[in-house]
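Input: a single structure, listed below in structure tokens.
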Amino acid sequence: MEYIQKTLILFAHPRYEDSRVQHHLLNHIKTLPGVRIHDLYEHYPEFNIDIKYEQELLLEHDLIIWMHPFYWYSAPPILKQWIDLVLEHGWAYGKGGTALTGKNIFSCISSGGPKEAYLTEGFHGFTVHEFLRPFERTAGLCNMNYLPPFFVHGSHRITTEGLQEHGKLFHEVIRKLSQEKVNMDNLKNFDYLNDWISS
Amino acid sequence: MAEDILLSSIIFLGAAIVCVPIAKKIGLGSVLGYLIAGMLIGPFVLGFVGQEGQDIMHAAEFGVVMMLFLIGLEINPKEFWYMRRSIFGLGGIQMVLSSIIIGAICHLYYGFSHSTSLAIAFSLSMSSTAIILQTLKEKGLNKSSAGQASFSVLLFQDIMVIPILAFLPLLASEDIRNVSAEQNFISNLTPFMKTLTVLGAMASIIIFGLFIVNPLMKVIARTRLRELFTATALFLVIGVAYTMKMVGISPALGTFLAGVVLANSSFKHELETDIEPFKGLLLGLFFIGVGSSINFELIYQKPGLVLFLVLIVMTIKAGVLLIAGKVFKIKSDQNLLFAILLSQVGEFAFVLLNFSGQLQIVDPKWIELMMVVTALSMTITPILLLINERFIDPYFGTKEIVEEKEQDEIDEQHSVIIAGFGHFGSTIGRFLRANGINATILDNDSDRVEVLRKMGFEVYYGDATRVDLLRSAGAEKAKLLIAAIDSTDINHEVIQVTRKHFPNLKIMARARNRFDAYEILDLGVSNIYRETLYTSVHMAVDVLHELGIRHYTATRKAQDFIRYDEEALRKLAATRHDAKEYILTVREQIELEEKLLSEDLHQQMTERDSAWDSTPLRS
């Protein structure tokens with residue numbers, strides 16, 4: 001199978017053995033060609049991230065996905081550790097920091113609360129996009145092309161059918177992005193990447 | 001005379017060496033291999049041996065006794081207590097129904113007298129412990145419900161042999177009634193005293209097993225002489241068998257009881273591995289004996305009659321077993337297996353028939369015939385089992401639930417084996433146990449074994465470099481072997497033995513120090529844990545902290561250092577490979593140390609670390 005974008009999934013779940021949604025999503029894409037799943041907690045149980053190795057991995061791939069559950073409106077700590085350590089000044093950003101220029105990146109997140117809770121007038125009072133600003137700006141600072149997130153809301157109450165549906169949707173997103181020519185600017189019109197496939 | 005013994009040994013062993021591997025290779029199982037070997041060397045085919053087949057069979061019956069001891073070791077008293085219902089229920093149904101049907105046929109169809117019919121019925125309703133248990137073990141069916149049921153029935157038959165032997169003289173005519181089965185210690189006692197003696201003997205086995213064997217074994221273990229251990233084990237089994245015979249209980253039953261009592265002993269594995277080879281050899285001899293005693297001449301004279309008798313006896317027995325199994329709700333595929341397993345006539349028939357002959361209850365011509373039927377039915381069983389396994393069993397819908405079996409196996413065969421339970425190994429064992437993993441532990445310090453067992457660990461006493469001990473600890477099925485023995489030499493030996501005999505078992509090895517690690521690397525193990533590395537680096541972190549360096553910074557440096565050091569270890573190990581011997585000479589050790597230190601100088605130990613460093617941003 002030909003693929004256009006080599007895809008790297010930076011996966012962070014401190015308790016993957018008990019996860020349902022993330023498990024399901026990964027199961028749906030792990031056999032896709034050209035997709036590499038990099039399990040950060042499994043790789044660095046003591047948080048001593050191998051910076052050189054991570055940078056080489058980034059250079060080899062065109063599409064980067066931060067994949068994790070939504071903890072305190074953000075990512076699990078190892079992903080922040082990864083951002084802190086790997087995106088070095090002079091390499092990823094700042095003077096001479098052009099290593100990641102032009103690569104595509106987005107977040108794939110599962111949240112316990114339902115979609116309606118993430119509205120200005122909803123329970124949490126802010127939208128998902130507002131919560132994700134630090135990630136958006138991080139990508140921007142590194143001259144990367146930040147795409148809308150793929151989101152699975154309401155993971156506490158999700159049914160088996162719901163899991164299946166989201167799994168298939170995620171599979172389609174990754175398959176299309178990695179194997180087909182997609183106009184990236186078009187994608188930015190969608191709130192979620194979920195809507196791109198469903199539309 | 002001595003030459004005769006040597007010659008017959010050569011014939012018996014030679015026949016076994018030739019036939020058994022071939023039989024196993026084509027899937028017939030070792031039992032059939034031995035039987036065929038016996039037939040070949042017997043008086044009717046090659047004629048290497050004459051009537052001594054019978055004699056050897058009697059001597060070799062001791063293999064059955066040893067086998068029951070080993071089985072007892074596998075069953076702890078609690079499990080045994082749970083089995084009481086199936087022993088008396090299944091066993092009772094089998095004995096009573098089989099005897100009634102066979103007896104009725106003898107009486108009504110062949111017109112034998114009541115006594116003759118009864119004697120034949122009792123004899124033929126016995127099954128062969130030797131064949132069944134050997135087959136179960138070989139096929140790994142010990143814990144299946146068919147296996148458990150078979151075992152219960154066999155145990156009941158064993159219990160019944162003695163009363164039957166006592167009962168047979170009552171069937172004989174007045175003048176020969178005084179021929180007794182065996183003259184023993186209690187024959188002249190009153191029934192009340194007899195019972196008392198039997199109970200006393202059983203109680204003494206239990207007391208002996210619980211309070212004397214363990215301390216005795218500990219003393220023996222301290223001498224560190226292997227052969228003395230074997231001698232003790234043999235002494236134990238033979239002693240129990242002899243005592244039981246004296247008081248008129250079946251020796252097999254007695255040793256089984258002794259096994260059950262010792263099932264919780266810390267020396268269980270040692271006893272097992274010591275008795276196992278003797279049992280195997282004696283059982284093999286026993287099967288050869290059976291094979292060589294088959295009277296082919298009689299078969300040749302009356303092929304129709306012999307065949308018909310074998311067929312009818314086995315059908316009746318299997319039918320009764322099927323009914324018994326149904327009553328006890330055994331699943332149909334297991335029930336069929338159970339029925340086939342026990343359908344033959346067993347070795348006890350030889351004893352009972354011979355005795356009936358002496359008592360003149362049964363006509364010698366018929367005894368000869370029944371003997372042939374017995375031997376033939378024993379030979380047919382493995383073939384029937386093979387047919388069932390290959391052609392019938394696969395079509396059953398109601399297989400026993402596989403998951404259940406798998407759990408049993410994990411429970412029985414732990415997936416981690418820890419060799420050496422000193423401070424290093426025990427820390428691992430405790431951590432694993434805290435996380436719900438029970439490892440099988442091997443240690444050769446008998447005092448420690450005792451203490452740890454009291455604390456609820458599964459620790460077995462034994463020398464972990466022995467292949468048979470590793471095998472009985474489950475090395476064939478386990479996932480990991482942790483080599484954590486204090487002595488580096490023994491630890492290396494365990495690694496070598498494991499790699500040679502269990503190539504699929506992953507080894508994780510404890511290394512004393514850097515040099516030890518080089519040597520273990522050369523043995524082909526890559527998961528090496530140096531006890532001097534992690535602790536000293538951990539301490540060094542605290543030293544840096546004491547000197548005012550932030551704890552997290554020091555910790556990150558330490559992580560880098562360990563990574564660097566492990567790379568350096570592998571690199572240096574590769575450079576010294578002109579050495580034929582893996583053991584490092586002192587000169588080599590110094591050379592390697594020098595290389596390492598100079599490597600350190602050239603290496604920027606912690607590479608450019610710009611993490612959370614904002615100086616470049618400020619400039």
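The values are calculated or read from the model by the stated rules, or taken from the named source; none is laboratory data. Not measured: the values here are computed from a predicted model. Every residue, glycine among them, receives a Cβ derived from its backbone with ideal geometry; neighbour counts consider all protein chains shown. Only protein heavy atoms, including side chains, enter the accessible area calculation; ligands, DNA and RNA are left aside. Shrake-Rupley method; radii C 1.70, N 1.55, O 1.52, S 1.80 Å.
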For residue A:17, state whether it is over 26 Å from residue A:90 (Cβ atoms) and within 14 Å of chain B (Cβ to nearest Cβ). yes
Could you count how many residues in segment A:63-91 are away from chain B (no Cβ under 14 Å) and either farther than 22 Å from residue A:24 by Cα or open to solvent by 30 Å² or more (accessible area, probe 1.4 Å) (or both)? 4
What are the residues in segment A:27-55 that are away from chain B (no Cβ under 14 Å) and not in a loop (DSSP other than H, G, I, E, B), if any? A:27, A:28, A:29, A:35, A:36, A:37, A:38, A:39, A:40, A:41, A:42
Restricting to segment A:71-85, what's the tally of residues that are touching a residue at least 60 places away in the same chain (Cβ under 8 Å) and outside any helix (DSSP H, G or I)? 3
Considering only helices (runs of 4 or more DSSP H) wholly within segment B:473-554, the ones with at least 2 residues that are open to solvent by 80 Å² or more (accessible area, probe 1.4 Å) and closer than 19 Å to residue B:444 by Cβ are B:488-501
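Name the helices (runs of 4 or more DSSP H) wholly inside segment A:96-199 in which the number of residues that are in contact (Cβ under 8 Å) with a residue 40 or more places away in the chain and within 17 Å of residue A:25 (Cβ to Cβ) is 2 or more.
Ranges flagged: A:160-179, A:193-198.
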If residue B:27 satisfies all but one of (1) part of a helix (DSSP H, G or I); (2) more than 24 Å from residue B:278 (Cβ to Cβ), what's the number of the condition it fails? (1)
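Report yes if residue B:602 is of a type outside the set (S, T, N, Q) and modelled with pLDDT of 90 or more, otherwise no. Walk me through how you get there before you give the answer.
Working: of a type outside the set (S, T, N, Q): yes; modelled with pLDDT of 90 or more: no.
No; evaluated as a whole, the condition is false for this residue.
Name every residue in segment B:415-437 that is free of Cβ contacts under 8 Å to residues at least 40 places away in the same chain and in contact with a strand residue (DSSP E or B) (Cβ under 8 Å, 6 or more places away or on another chain), in order of residue number.
Step one: filter segment B:415-437 for residues free of Cβ contacts under 8 Å to residues at least 40 places away in the same chain, giving B:423, B:426-427, B:429-437.
Once the filter is applied, which keeps residues that are free of Cβ contacts under 8 Å to residues at least 40 places away in the same chain and in contact with a strand residue (DSSP E or B) (Cβ under 8 Å, 6 or more places away or on another chain), segment B:415-437 yields B:429, B:432, B:437.
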Could you run through segment B:40-90 and say how many residues are over 23 Å from residue B:273 (Cα atoms), modelled with pLDDT under 80 and of a type in the set (Phe, Trp, Tyr)? 2
Any idea which of (1) surrounded by fewer than 20 Cβ atoms within 10 Å (Cβ to Cβ); (2) away from chain B (no Cβ under 14 Å) is the one residue A:97 doesn't satisfy? (2)
Residue check: is residue A:109 touching a strand residue (DSSP E or B) at 6+ places or on another chain (Cβ under 8 Å), modelled with pLDDT under 95 and of a type outside the set (Gly, Ala, Ser)? no
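Keeping to segment B:446-470, report how many residues are part of a loop (DSSP other than H, G, I, E, B) and basic (Lys, Arg).
So in segment B:446-470, the residues part of a loop (DSSP other than H, G, I, E, B) come out as B:455-458, B:462-466.
Now narrow it down to the ones that are basic (Lys, Arg): B:466.
Number of matching residues: 1.
Please find, within segment A:100-130, the residue that is nearest to the other protein chains (Cβ to nearest Cβ) out of those that are among the polar types (S, T, N, Q) and surrounded by fewer than 19 Cβ atoms within 10 Å (Cβ to Cβ).
Initially, segment A:100-130 is screened for residues among the polar types (S, T, N, Q), giving A:101, A:104, A:107, A:110-111, A:120, A:127.
Filter once more, so that each one left must be surrounded by fewer than 19 Cβ atoms within 10 Å (Cβ to Cβ): A:101, A:120, A:127.
Working: A:101: 19, A:120: 35, A:127: 31 Å.
Filtering first and then ranking leaves A:101.
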